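The values are calculated or read from the model by the stated rules, or taken from the named source; none is laboratory data. Quick caveat: nothing in here was measured; it's all calculated off a predicted structure. Glycine gets a Cβ as well: all are built from the backbone with ideal geometry, and neighbour counts include every protein chain shown. Protein only, heavy atoms only, side chains kept; ligands, DNA and RNA dropped before computing areas. Shrake-Rupley method; radii C 1.70, N 1.55, O 1.52, S 1.80 Å.
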Amino acid sequence: MKVAIQGIGLLAPGLAGWETGRAVLVGQGSFQPSEMPDPEAALLPPNERRRSSDCVRWAVQVAQEAIVQSGLDPREVPTVFASSGGEMGVLDTLCRTLATPERVISPTLFHQSVHNTPSGYWGIATTCQQSSTALSCYDDSFAAGLLEAVTFVQVEQRPVLLVAYDLAVPAPLNEARPISAGFAVALVLAPLSDAALATMQLHLTEADQEPASQLQDPALEQVRLGNPAARSLPLLKALATGGSERVVVNLLETQQLVLDIDSCRH
């Protein structure tokens, strides 16, 4: 399955936006992770932004960056949202509230607890009424989302916006699911066209045919291993570097995604 990549969004400590992240990934700047300011998520109406969760703002921020770069109308682009844990911060708040004598949960907090909350806010922000899929596949959530999005493009022959995100898990939940820093990425995938930043050929193989792609920078490799959405980093590095490159991403214990990347322009 071969698709075009028309837009990229990125947000993580030390990788604040695709242009900054690309410079780091190609070695033009050093990787210096620092505390992230709250994403602007400027597409969200003020009232919705005030009610939104951290996950929503991170997901909307990268989705906005990717869709703007693509030049497409967000109202016309279906979406795939992928996250390992979704609203873990909201889950922590719910659990703490339920452990109090009052056990009073606000309707706003409750509606933020579902796994597709970011896709709903994206629909509100863009007035998009296209189809939307929200999925989870533990550490391989990015790979599952990528496979879903590429398959959609092949079957429907139209663009799709893929958004993968996971934020730091608060204590004590982080003892069971240790994610120490946030990471969000968005890709606009489309049928082949002259507007592509790069093309990507994807095929499935059995596990262990090739080792999963890693990063030579130890600090960035730690980021890749520390957040399910950051499994996208080898693909992002290939896109940043340009040229032709093969990237291998694990999917479950039995399969791998093999991605052959060919850069078209920057």
Net charge near Glu253 (other residues with Cβ under 10 Å of its Cβ; Lys, Arg +1; Asp, Glu -1) is -2
Measuring from its Cα centre, the stretch 33-107 shows a charge dipole (+1 at each Lys and Arg Cβ, -1 at each Asp and Glu Cβ) which, in debye to the nearest 20, is 260 debye
Among GluC sites (Glu not before Pro) in the stretch 1-54, those in a DSSP loop whose Cβ has at most 13 other Cβ atoms within 10 Å are Glu35, Glu40
For the chain the translational diffusion coefficient, Stokes-Einstein from a Kirkwood Rh over Cα pairs at 20 °C and viscosity 1.002 mPa s, in µm²/s, is roughly 115 µm²/s
Share of accessible surface on carbon and sulfur in the chain, whole %, 1.4 Å probe and ligands ignored, is 51 percent
Rounded to whole angstrom, the alpha-carbon centroid of the stretch 97-116 lies from that of the stretch 121-191 at a distance of 24 Å
Heavy-atom accessible area per residue of the stretch 175-228, all protein chains kept, 1.4 Å probe, expressed in Å², is 51 Å²
Distribution output for the stretch 37-129: share of Cα-Cα pairs per 5 Å bin in percent, first bin at 0, values 2, 13, 24, 23, 17, 10, 6, 3, 2, 1, 0
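Among Leu43, Leu25, what's the order by accessible area (1.4 angstrom probe), most exposed first? Could the numbers behind the result be given before it?
Details: Leu43 60, Leu25 10 Å².
Listed by decreasing accessible area, they come as Leu43, Leu25.
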Once normalised by the length of the stretch 218-261, the mean sequence separation of its alpha carbon contacts under 8 Å that are 6 or more apart gives a contact order in percent of 26 percent
GluC sites (Glu not before Pro) in the stretch 64-123 lying in a DSSP loop, each with at most 10 other Cβ atoms within 10 Å of its Cβ, come to Glu102
Taking a crude spin-label model, label points 7 Å out from Cα along the C-beta direction, the Leu109 to Ala171 distance in nm is 2.1 nm
Descending accessible area (1.4 Å probe), largest on the left, turns Ser263, Ser70, Ser180 into Ser180, Ser263, Ser70
Inter-part gap, Cα centre of the stretch 209-258 to Cα centre of the stretch 6-46, in whole angstrom, is 18 Å
Cβ-Cβ cut-off under 14 Å around Ala164, Lys and Arg +1, Asp and Glu -1: the net charge is -3
Taking Lys and Arg as +1 and Asp and Glu as -1, residues besides Ala229 with C-beta under 12 Å from its C-beta add up to -1
